[in-house]
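Below is one structure, written out as C-alpha cells; the observations come after it.
The values are calculated or read from the model by the stated rules, or taken from the named source; none is laboratory data. As the structure is a computational prediction, the values presented were derived from the model and not from experiment. A quick note on method: Cβ atoms are made from the backbone with ideal geometry, for glycine too, and the neighbour counts reach across all protein chains shown. Surface accessibility is based on the protein's heavy atoms, side chains included, excluding ligands, DNA and RNA. Shrake-Rupley method; radii C 1.70, N 1.55, O 1.52, S 1.80 Å.
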Amino acid sequence: MQKYSVFSLIKNAFKGHKDWEVAWKDPTPKSEYDVIIIGGGGHGLATAYYLAKEHNITKVAIIEKGWIGGGNVGRNTTIIRSNYMHDENGLFSEFGMDLWRSMSQDLNFNVMFSPRGIINLAHSDAQMNVYSRRGNSMRLNGIDAVLLNREEVRKIIPMADFSENVRFPIFGGLMQPSAGTARHDAVAWGYARQADSMGVDIIQNCEVTGFDVSNGKILGIRTSKGDIKAKKIGLCVAGSTNILAEKLNMTLPIETHLLQACVSEPIKPILDNVVTFGAGHFYCSQSDKGEMVMGGDLDGYNSYAQRGNLPTLQHVLTEGIAMFPFLSKLKMLRTWGGIMDMSMDGSPIIDKTHINGLYLNCGWCYGGFKATPASGWTFAHTIAQDRPHELNAGYSLNRFNTGHLIDEKGLGTKTWIS
Amino acid sequence: MLHIKCPHCGLRSQNEFSYGGDATVKRPELNKEISDQDWDNFVYLRKSPRGKHLELWQHISGCRQWIKVERDTLTHEIFKTLKANEEV
C-alpha cells in the first residue's frame, strides 16, 4: 500500500496526481470467507480492520448494500466524547478515546481529530448537582471532567444567552476537555483503505437477501451477487437491524427511528467547542468550513424514511436559538435525516446470538459515531474469540431479560422521548 | 407534517398528537403465572417493521383520547385510524 505523507504528496504533485493507487479495490465476492461483516459503515469497516490487525483474520468480506460510508457514518454530527456516568459506557468510550487519539497515525489517514472539548450546559441548581455527580463518576473512571460555574462558561462561550430574563438561564456546565470532533468520512475511508490492504474484500452494491442457517448454526448468506459461505457472520447495520433480524426470525429490543441534523451557511470562526443545551435536546459545533453543525431530537415515531419532518426541526432550532440567539440570523444550508437503532435502554448491543457463528452489533441510538473504533475493536474480539471482551460484556443481548439494563438517561423503553 | 384523522375530532396536524408506540404488544394477563420471557416480549421486544405499523397516538392537544393509527413507516402514508378499543 502506498503510504500517504508530505513526500508522496509532493512526488505526485509533480506527476499531475495521475499515479495515485486506488484506496481500495472493487473485488467480486469469493465463494467462501472465514468472516463476513454485513454493513460497510464505520463500525463494519473498523471491525474488519481490527480482525485483520489484532487477530490476524484476513479472509474477511464486508458486504455493503450501497456504498461504504454512505449510511450514518456519513450523516452524523461528528461528536466524540466519553462523558458517561455508568461504568460500562464510560470505560468503553474512554477506551475509544485512546483509539481516536492515535487514529490518524494508526490508519495513515488524517481523520482531523480535534479534541476541542464538550460543554453540557446546566440551567438549574438541581442540574448542577446531577452534573457534579456525573463528573465525579467520570473522574473515578479516569475520564477528564470539569464543573464550570456561570462565569467560567461565559468566558468560553460569551455569545450564549447570558441575559437576566431568559426562560432557561445558564447556571454552569460540565465540560469534558478531551472530547471533540473528527472528519466522519475520513474515518470510514481510513479504515476501508487499511482493511483492504490487509486482504479484506470490500464488496459494495451487494444486498443481503437472506441467511443460510441449519441446526442452529450459520452457514452463509444469500446476496444479490450470489450465495456466499462463511464460518462467522457479524451484523453491523444500525438503522436496518430490524429488517435483517426479521429474515433471521429474531425480534430485538430495538425500534427504528429517524434523527435529523442540519448545517447553517458557513460563517467566520465563533464557536471553539461542542456545546449542548441542558433544558432540551440540542447540540452544536462549528465545522472547519465554518458551518454551524446542529442536531437534537428524534422525529418521535417509528420511521425508515431517511428524511425528516419539519415540526421536529423547528422545535430543535427553537432550543438552539434560546441557547445561541445569533443562530436566528443564519440561513440553513442543508438538513438531512438518518435512521437509528433505538435500543430499549439507550445503550448498544455487541454480543453473540442464539445462532452459532452469528454476532450482533447494533442499538447505537444517537451515539454511534464516537463509538466507531471501540465498537470495531470489541466486536472483532467478540467474533475472533467467540466471547465478548470485558469492555463490551455489559452490552449483552440478554440484559433486557435479566434486568441488567444500562439506562444512562433514565428514559426507560420510550425511546422516542428525549 | 403528518395529518392524522382523529376518530373523534377529524383531520388534525401531527403536532396536536403525542406518540405512544407499537399498538400490537399485549400486556400479560394479571394474576396469572408469567414467565420472564413473557415480560421481555411485552416490555422490550419490538418488530419495528419497515412498512405497515399499527401504533398508538394520543390527541393530547385535542380530545385527549388515545387512538390507533395504521401508518407506513417508510412513506408515512396513513391507511386507517381507529378508536383505542377498536381492532383493525
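Structural remarks
- For A:H389: the one exception among (1) touching a strand residue (DSSP E or B) at 6+ places or on another chain (Cβ under 8 Å); (2) surrounded by fewer than 21 Cβ atoms within 10 Å (Cβ to Cβ): (1)
- Any hit, region A:222-237, residues being touching a strand residue (DSSP E or B) at 6+ places or on another chain (Cβ under 7 Å) and within 14 Å of chain B (Cβ to nearest Cβ): yes
- Matching entry among A:L411, A:L397, A:L360 (being of a type in the set (A, V, I, L, M, F, W, C) and not in a loop (DSSP other than H, G, I, E, B)): A:L360
- Checking A:T353 against (1) closer than 30 Å to A:D212 by Cβ; (2) touching a helix residue (DSSP H, G or I) at 6+ places or on another chain (Cβ under 9 Å), the condition it does not meet: (2)
- In region B:32-85, of all residues being on the phi > 0 side of the Ramachandran plot and either open to solvent by 30 Å² or more (accessible area, probe 1.4 Å) or of a type in the set (S, T, Y) (or both), the one that is nearest to the other protein chains (Cβ to nearest Cβ) corresponds to B:S48.
- Subset of region A:125-146 [open to solvent by 40 Å² or more (accessible area, probe 1.4 Å) and touching a helix residue (DSSP H, G or I) at 6+ places or on another chain (Cβ under 9 Å)]: A:L140, A:G142, A:D144, A:V146
- If you go through region A:347-363 and pick out every residue that is touching a residue at least 60 places away in the same chain (Cβ under 8 Å) and either open to solvent by 50 Å² or more (accessible area, probe 1.4 Å) or farther than 25 Å from A:K414 by Cα (or both), you end up with 6.
- Among the candidates A:I417, A:I406, residue that is open to solvent by 40 Å² or more (accessible area, probe 1.4 Å), β-branched (V, I, T), assigned to a loop (DSSP other than H, G, I, E, B) and within 14 Å of chain B (Cβ to nearest Cβ): A:I417
- Test: A:N242 is polar (S, T, N, Q) and away from chain B (no Cβ under 14 Å): no
- Hits in region A:235-282 - residues which are over 17 Å from the mean Cα position of the chain (by Cα), open to solvent by less than 40 Å² (accessible area, probe 1.4 Å) and more than 19 Å from A:K409 (Cα to Cα): A:N242, A:I243, A:L244, A:A245, A:L248, A:M250, A:L252, A:V263, A:S264, A:L271, A:N273
- Once region A:210-226 is narrowed to residues that are touching a residue at least 24 places away in the same chain (Cβ under 8 Å) and farther than 18 Å from A:I383 by Cα, the residue that is surrounded by the fewest Cβ atoms within 10 Å (Cβ to Cβ) is A:G226.
- The lone exception for A:I202 - which of (1) over 18 Å from the mean Cα position of the chain (by Cα); (2) crowded, with 22+ Cβ neighbours inside 10 Å; (3) farther than 30 Å from A:T58 by Cβ it fails: (3)
- If you filter region A:255-289 down to residues that are touching a helix residue (DSSP H, G or I) at 6+ places or on another chain (Cβ under 6 Å) and assigned to a strand (DSSP E or B), you find that the one that is nearest to the other protein chains (Cβ to nearest Cβ) is A:T256.
- Condition met for A:G376 (buried (at least 24 other Cβ atoms within 10 Å of the Cβ) and either in a strand (DSSP E or B) or in contact with a His (Cβ under 9 Å, 6 or more places away or on another chain) (or both)): yes
- Residue count for region B:21-31 satisfying the condition of being more than 8 Å from chain A (Cβ to nearest Cβ) and open to solvent by less than 20 Å² (accessible area, probe 1.4 Å): 1.
- Residue in region A:56-65 that is open to solvent by 10 Å² or more (accessible area, probe 1.4 Å), under 15 Å from A:I118 (Cβ atoms), touching an Asp or Glu at 6+ places or on another chain (Cβ under 8 Å) and not basic (K, R) present: no
- Selected residue (only one of A:K155, A:K231 is farther than 30 Å from A:Y84 by Cα and either part of a helix (DSSP H, G or I) or open to solvent by 20 Å² or more (accessible area, probe 1.4 Å) (or both)): A:K231
- If you check A:G300, A:G295, A:G363, A:G357 for being modelled with pLDDT of 95 or more, out of contact with any Gly (no Cβ under 8 Å at 6 or more places or on another chain) and within 14 Å of chain B (Cβ to nearest Cβ), only one passes: A:G363.
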